[in-house]
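Participant: Following this message is one structure expressed as structure tokens.
The values are calculated or read from the model by the stated rules, or taken from the named source; none is laboratory data. Fair warning: this is a prediction, and the values are worked out from it, not measured in the lab. Quick reminder, even Gly has a Cβ in these numbers, built from the backbone with ideal geometry, and neighbours come from all protein chains shown. To get the accessible areas, we keep the full protein, side chains included, count just its heavy atoms, and leave off ligands, DNA and RNA. Shrake-Rupley method; radii C 1.70, N 1.55, O 1.52, S 1.80 Å.
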Amino acid sequence: MTDESHPIRNSGLLAKAMKYFARAHIAVYRRTNGRLGARLLWFPAALITTTGRKSGRARTTPTLYLADGERVVLPASYGGRDEHPAWYLNLKADPKVRVQIRAAVRDMIARDATDDERRRYWRKLTRIYPPYKGYQDAADRRIPLVVCEPL
């Protein structure tokens, strides 16, 4: 069954459910300073806040991440979809990002990973979350890896 013929995906129910789940996750993460929500299932989760490229408003998204010293690496996988996630497009327009990992909130600057970084980080990310391999295979784009560094 393709995405187009799938009754739940085609109806928008999945997108709506994901939107409400993300809002609840963000609220719980913030209220508990990451004591709850810092793991999405058993995967490390951060909150990233970007500036909307169209609205100019703060936009917060929960996402998996990889820590590398003071750097935070974010895969812009969007579940293997062919388009980039909105948060990635926002960072391309304005690379300033606020990253919350548990109670620690840091203002950072985002950039695309270099080819060397990408090779190194992609291996680590696929060990943390093996479905990323399938996401890359499914997507008609190269999934960006975003490196966030302290300002």
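Participant: When you go through (1) exposed (fewer than 15 other Cβ atoms within 10 Å of the Cβ); (2) among the hydrophobic types (A, V, I, L, M, F, W, C); (3) not in a strand (DSSP E or B) one by one for Ile26, which number turns out not to apply?
Facilitator: The one condition Ile26 does not meet is (1).
Results for (1) touching a Gly at 6+ places or on another chain (Cβ under 7 Å); (2) closer than 19 Å to Ala139 by Cβ, shown as yes or no for each residue.
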{"site": "Ala17", "(1), (2)": "no, no"}
{"site": "Ala22", "(1), (2)": "no, no"}
{"site": "Thr63", "(1), (2)": "no, yes"}
{"site": "Gly80", "(1), (2)": "yes, yes"}
{"site": "Leu89", "(1), (2)": "no, yes"}
{"site": "Lys92", "(1), (2)": "no, yes"}
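Participant: If you don't mind, there's one more thing I want to ask. Select from segment 93-151 the residues that are assigned to a loop (DSSP other than H, G, I, E, B), touching a strand residue (DSSP E or B) at 6+ places or on another chain (Cβ under 7 Å) and either open to solvent by 60 Å² or more (accessible area, probe 1.4 Å) or closer than 15 Å to Pro75 by Cβ (or both) and list them in ascending order.
Facilitator: Of everything in segment 93-151, those that are assigned to a loop (DSSP other than H, G, I, E, B), touching a strand residue (DSSP E or B) at 6+ places or on another chain (Cβ under 7 Å) and either open to solvent by 60 Å² or more (accessible area, probe 1.4 Å) or closer than 15 Å to Pro75 by Cβ (or both) turn out to be Ala113, Tyr129, Ile143, Pro144, Leu151.
Participant: I'm checking my understanding of the structure. Among residues of segment 57-92 that are at positive phi and open to solvent by 40 Å² or more (accessible area, probe 1.4 Å), which one is nearest to the chain's Cα centre (by Cα)?
Facilitator: Going through segment 57-92, the residues at positive phi turn out to be 69, 78-80.
With open to solvent by 40 Å² or more (accessible area, probe 1.4 Å) added as a condition, the list becomes 69, 78-79.
Values: Gly69: 19, Tyr78: 7, Gly79: 10 Å.
Checking each candidate, the answer is Tyr78.
Participant: Against the conditions (1) in a helix (DSSP H, G or I); (2) touching a Lys or Arg at 6+ places or on another chain (Cβ under 9 Å); (3) at pLDDT below 95, where does Asp82 fall short? Just the number, please.
Facilitator: Going through the list (1) in a helix (DSSP H, G or I); (2) touching a Lys or Arg at 6+ places or on another chain (Cβ under 9 Å); (3) at pLDDT below 95, Asp82 breaks only (1).
Participant: OK, next. Test Ala46 against the criterion of being open to solvent by 20 Å² or more (accessible area, probe 1.4 Å), of a type outside the set (Lys, Arg), closer than 13 Å to Val99 by Cβ and at pLDDT 95 or above, and give yes or no.
Facilitator: no
Residue-by-condition table, conditions (1) in a strand (DSSP E or B); (2) free of Cβ contacts under 8 Å to residues at least 12 places away in the same chain; (3) in contact with a Pro (Cβ under 6 Å, 6 or more places away or on another chain); (4) over 22 Å from Thr114 (Cα atoms):
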residue	(1), (2), (3), (4)
Leu36	no, yes, no, yes
Pro44	yes, no, no, yes
Leu47	yes, no, yes, yes
Thr50	yes, no, no, no
Gly56	no, yes, no, yes
Pro62	yes, no, no, yes
Val72	yes, no, no, no
